[in-house]
């Protein structure tokens, strides 16, 4: 085998055939950076957004603005920023009444979402309470479970 070094390249001859190869480079060991921890609230918001898109978006709109006189907005209202237990009750049991929210009246019935798990209810309410410019406390699965454990319907 014959080596001729030229400008960082070398030629290797094998049985009369020549091949040009780059000079080997020393490699540094791969350092794995730790994966950033994602908070439970962030995960809940991500899951809640999926629930919202599937069940809530058509009535409450992509921006949470609702539909005047039909479906209430989810942006900055006392209903959304207020008691969590009231929201849990509305999502689980629906709302079949003409309702006044912050001086506006809404008349479209909201169906019950009894098929949602406690975790899905907590996630979608956390998403709503943390999105659309809202900054209210997250709703935990344990709060939803506890609400129903007390026999409230």
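The values are calculated or read from the model by the stated rules, or taken from the named source; none is laboratory data. Computed from a predicted model, the values in this text were never measured in an experiment. A quick note on method: Cβ atoms are made from the backbone with ideal geometry, for glycine too, and the neighbour counts reach across all protein chains shown.
Tabulated data
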quantity	calculated
Residue ID - farthest from residue 46 (Cα to Cα), chosen from residues in segment 102-111 that are in contact with a helix residue (DSSP H, G or I) (Cβ under 8 Å, 6 or more places away or on another chain) and surrounded by 14 or more Cβ atoms within 10 Å (Cβ to Cβ)	108
Residue that is modelled with the lowest pLDDT [pool: residues in segment 48-78 that are surrounded by fewer than 17 Cβ atoms within 10 Å (Cβ to Cβ) and assigned to a helix (DSSP H, G or I)]	78
Any chance residue 94 is surrounded by 17 or more Cβ atoms within 10 Å (Cβ to Cβ) and either in contact with a strand residue (DSSP E or B) (Cβ under 8 Å, 6 or more places away or on another chain) or closer than 20 Å to residue 145 by Cβ (or both)	no
Flag for residue 125 being in a helix (DSSP H, G or I), in contact (Cβ under 8 Å) with a residue 12 or more places away in the chain and surrounded by 15 or more Cβ atoms within 10 Å (Cβ to Cβ)	yes
Test for residue 114: is it in a loop (DSSP other than H, G, I, E, B) and either touching a residue at least 12 places away in the same chain (Cβ under 8 Å) or farther than 25 Å from residue 43 by Cα (or both)	yes
Test: residue in segment 83-91 that is at pLDDT below 95, within 17 Å of residue 52 (Cα to Cα) and surrounded by fewer than 19 Cβ atoms within 10 Å (Cβ to Cβ)	yes
Subset of segment 91-111 [part of a loop (DSSP other than H, G, I, E, B) and either free of Cβ contacts under 8 Å to residues at least 24 places away in the same chain or more than 13 Å from residue 76 (Cα to Cα) (or both)]	94, 96, 97, 98, 103, 107, 108, 109, 111
Hits in segment 63-78 - residues which are under 11 Å from residue 128 (Cα atoms) and in contact with a helix residue (DSSP H, G or I) (Cβ under 9 Å, 6 or more places away or on another chain)	64, 73, 74
Matching residues in segment 97-117 - criterion: being in contact with a strand residue (DSSP E or B) (Cβ under 7 Å, 6 or more places away or on another chain) and under 13 Å from residue 55 (Cβ atoms)	110
